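Beneath this line is the structure, given in structure tokens, with notes to follow.
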DNA sequence: GTTCAAATGCAACAATGTTGCAAAATAATA
DNA sequence: TATTATTTTGCAACATTGTTGCATTTGAAC
């Protein structure tokens, strides 16, 4: 088991349960984003559907993971950077979704470019959703 | 009725029906984005739910409207620019969702900034989803 | 107006997400 | 470690959202 799992749960004052450990491990192992369905399948119906929903919801609230915007209405989640998990502050993100294999990447190290909006708009968060072909599929 | 409605439908080789006229008019009147639920409510249950789904799907396929990516898993649609409706080419877009009133704006005239991705990623489309407070709510 | 093609409405279904509550697991305390 | 209190889970039931097939209706072409 990944050593950071228990740490992360404790730091966020969450009870250490099987489902939380397993789901958090999935995120740590595979760096790409996960959808609810992915988790349900990979866990082999070990956990109730409701438990997975609630676990994801809890992780989002605590800032452990975040949702990724997508145009096709498929909710995906990805790990937040470590600093993100301490506060509830949502960072700006660049995400990349591969049209070929469907993998969604959370590109933490890509800087979000500045967006100039019309007068009157106050921007608090900017998400960039790029799509195309990923490095594995090129 | 907005004069462009019949034109747009004819140009896209679509039969001119009540539902299409009304739904297209909704998009032309209010410049913000619309969700399926908005259309269902505003039309006063005049059309079947399925018809609305199919109409939206058709409009997307023809390039008359496009979906807006969002993190909260709510599918919203907005009119494409005129040039967009001729081909199926999807332009890069900047969208803005107001945290206060929930209105989603499609900012056609804001230029999408260049995003520098790691080697191996080939970008074909970039969507920018900004959020904060809109001009009406400030 | 008649004929043909397309779109609609209905019903039934599938997928996704939510809520309340009793049972079980975890954490806190002695 | 045993006991109590709190949290989490699983189940059931429900709500919402989206899809599909097919008969009926509507619009387009002639």
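Observations, loosely collected:
- Region B:39-64: number of residues that are within 22 Å of residue B:136 (Cβ to Cβ) and under 13 Å from the mean Cα position of the chain (by Cα): 1
- Residue match in region B:9-17 (condition: touching a residue at least 60 places away in the same chain (Cβ under 8 Å), within 12 Å of DNA strand C (Cβ to nearest atom), closer than 20 Å to residue B:108 by Cβ and in contact with a helix residue (DSSP H, G or I) (Cβ under 9 Å, 6 or more places away or on another chain)): yes
- Any chance residue B:59 is within 15 Å of DNA strand D (Cβ to nearest atom), in contact with a helix residue (DSSP H, G or I) (Cβ under 6 Å, 6 or more places away or on another chain) and more than 14 Å from every other protein chain (Cβ to nearest Cβ): no
Quick grid of which residues meet (1) more than 14 Å from chain B (Cβ to nearest Cβ); (2) under 18 Å from residue A:101 (Cβ atoms); (3) modelled with pLDDT of 95 or more:
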{"position": "A:20", "(1), (2), (3)": "yes, no, yes"}
{"position": "A:25", "(1), (2), (3)": "yes, no, yes"}
{"position": "A:43", "(1), (2), (3)": "yes, no, no"}
{"position": "A:47", "(1), (2), (3)": "yes, no, yes"}
{"position": "A:67", "(1), (2), (3)": "no, no, no"}
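- Within region A:27-41, the only residue that satisfies the criterion of being more than 13 Å from DNA strand C (Cβ to nearest atom), within 14 Å of another protein chain (Cβ to nearest Cβ) and either surrounded by fewer than 16 Cβ atoms within 10 Å (Cβ to Cβ) or farther than 26 Å from residue A:96 by Cβ (or both) is A:31.
- Meets criteria (within 15 Å of the chain's Cα centre (by Cα), free of Cβ contacts under 8 Å to residues at least 60 places away in the same chain and within 22 Å of residue B:118 (Cα to Cα)) for residue A:36: no
- Among residues of region A:118-132 being free of Cβ contacts under 8 Å to residues at least 60 places away in the same chain and within 20 Å of the chain's Cα centre (by Cα), the one that is surrounded by the most Cβ atoms within 10 Å (Cβ to Cβ) is A:128.
- Search result, residues across region A:1-20 that are over 15 Å from residue A:62 (Cα atoms) and within 9 Å of DNA strand D (Cβ to nearest atom): A:17, A:18, A:19
- Of residues in region A:106-117 being more than 7 Å from every other protein chain (Cβ to nearest Cβ) and not in a strand (DSSP E or B), the one modelled with the lowest pLDDT: A:108
The values are calculated or read from the model by the stated rules, or taken from the named source; none is laboratory data. These numbers were taken from a predicted model, which means no experiment stands behind them. A quick note on method: Cβ atoms are made from the backbone with ideal geometry, for glycine too, and the neighbour counts reach across all protein chains shown.
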